[in-house]
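**Student:** Sharing a structure, written as structure tokens. Questions coming.
The values are calculated or read from the model by the stated rules, or taken from the named source; none is laboratory data. Everything numeric here is computed off the predicted structure, so don't read it as measured data. Here Cβ is always computed from backbone atoms with ideal geometry, including for glycine, and neighbour counts include all displayed protein chains. These area figures cover heavy atoms from the full protein model, side chains too; ligands, DNA and RNA do not enter into them. Shrake-Rupley method; radii C 1.70, N 1.55, O 1.52, S 1.80 Å.
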Amino acid sequence: MASSLLLAVETATRVCSVALARGGEVLALRANSDTRLHSERLLPMIDALLGETGVKLAEIEAFAVSIGPGSFTGLRIGLATLKAFALADARPVAAVSTLAALCASADDAGAPVAALLDARRGAYYAACVSRAGLARADLLADCVLTPPELAAQLPRGARVVVGEGAQEGAAQLAHLRRDLTLLALPNLGASAASIARLGAQLLAAGEGRDPAALVPAYLRRAEAEARRTGRAFE
């Protein structure tokens, strides 16, 4: 699967993006941050991307999707769309951590990279890799922490990619840890280009997933669900 033609989707934040790649090379990318719902934007974007590249959906050999954490609704829409495509011909899906994709957006300077996304109520989704471009967080697995908790766990000199809604937490983190470097994203979200590259990495390692078994990795329950169950985390 190393050189498979792959369609990647990122819907974890307000910026919806899709990418077409072969192996780790991104052939085309589209992103949209307008006010329409992901459900209204995603399929037209995929149609436009395939039309631009002259690729038919039947030619896609594998898929990659941001599996979470992130917007509950966005993750469901992205995953449901790709599951529908993949299940038709039993094509594999690479489930890519949104946080790993955020880390991958940083230049590979050889230093650890962490990613931060808003988890609400003063907490943040976070993960840390030893270098940008890894598909799995090897220093700090995907988790939900407060800024003081995260400050106690990040390695010295780490760079922190500040994702959507995480500016306040990043400022607290920088105050607690002067050795950290904050990296801002233009769109405050992971790109489908990073999802495609990391997805290709996972597929090459034989880590394609059965689409029927995939569920979003929310990490934190929706507020109504947390009240109902008395448990804030999955």
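**Student:** Rounded to whole Hz and in sequence order, give me ³J(HN,Hα) for the stretch 24-33 from the Karplus expression 6.51 cos²θ - 1.76 cosθ + 1.60, θ = phi - 60°, writing x for Gly and Pro.
**Tutor:** So the Karplus estimates, Gly and Pro as x, are x, 9, 7, 8, 7, 9, 9, 9, 8, 10 Hz.
**Student:** Also, I was wondering about something else. Can you give me the C-alpha center-to-center distance between the stretch 142-160 and the stretch 175-198, rounded to a whole angstrom?
**Tutor:** 14 Å
**Student:** Sticking with this structure for a sec: Mind listing the phi-derived Karplus ³J(HN,Hα) values for the stretch 162-175, rounded to whole Hz, using 6.51, -1.76 and 1.60 with θ = phi - 60°, and x for any glycine or proline?
**Tutor:** Going residue by residue, I get 8, x, 4, x, 9, 4, 5, x, 5, 5, 4, 5, 5, 5 Hz, with x marking Gly and Pro.
**Student:** Just the number, please: Stokes-Einstein D of the chain in µm²/s, Kirkwood Rh from C-alpha pairs, 4 °C, 1.567 mPa s. List each step's numbers first, then the result.
**Tutor:** Details: Rh = 17.6 Å.
So the translational diffusion coefficient is about 73 µm²/s.
**Student:** Hey, what number do you get for the chain at 222 nm if only DSSP H runs of n ≥ 4 count, each worth -39500 (n - 2.57), divided across all residues, to the nearest 500?
**Tutor:** The per-residue figure over the chain is -9500 deg cm²/dmol.
**Student:** Where does helix 38-53 land angle-wise versus the long Cα axis of the chain, in degrees 0 to 90, nearest 10?
**Tutor:** 50 degrees
**Student:** Would you pull out the residues with amide H under 5 Å of residue 64's amide H, same chain only if 5 or more places away, H placed 1.01 Å from N?
**Tutor:** Long-range HN contacts for residue 64: 7, 8, 9, 94.
**Student:** I'd like to compare 205-214, 59-68, 144-153: which one has the highest average count of other Cβ atoms within 10 Å, and what's the full order after that?
**Tutor:** Numbers: 205-214: 14.3, 59-68: 24.9, 144-153: 17.0.
Highest to lowest by the protection proxy: 59-68, 144-153, 205-214.
**Student:** While we're on this one: What Kirkwood Rh does the stretch 1-105 have if only Cα atoms enter the pairwise 1/r average? Answer in Å. Write out the running numbers ahead of the final one.
**Tutor:** Values: mean 1/r = 0.0734 Å⁻¹.
Mean inverse Cα-Cα distance, inverted, gives 13.6 Å.
**Student:** So, for the stretch 96-202, what is the accessible surface per residue at a probe of 1.4 Å, expressed in square angstrom? Walk me through the numbers on the way to the answer.
**Tutor:** Values: 4310 Å² over 107 residues.
With all protein chains present, the stretch 96-202 gives 40 Å² per residue.
**Student:** Within the accessible area of the stretch 115-196, what % is carbon and sulfur when the probe is 1.4 Å and the other protein chains stay in place? List each step's numbers first, then the result.
**Tutor:** Values: 1850 of 3570 Å².
For the stretch 115-196, the apolar C and S fraction of the accessible surface comes to 52 percent.
**Student:** Here is a follow-up. Which whole-Hz ³J(HN,Hα) couplings does the stretch 9-22 yield from phi under the Karplus relation 6.51 cos²θ - 1.76 cosθ + 1.60, θ = phi - 60°, glycine and proline marked x?
**Tutor:** Calculated HN-Hα couplings, in order: 10, 10, 9, 6, 10, 5, 8, 8, 9, 9, 9, 10, 9, 10 Hz.
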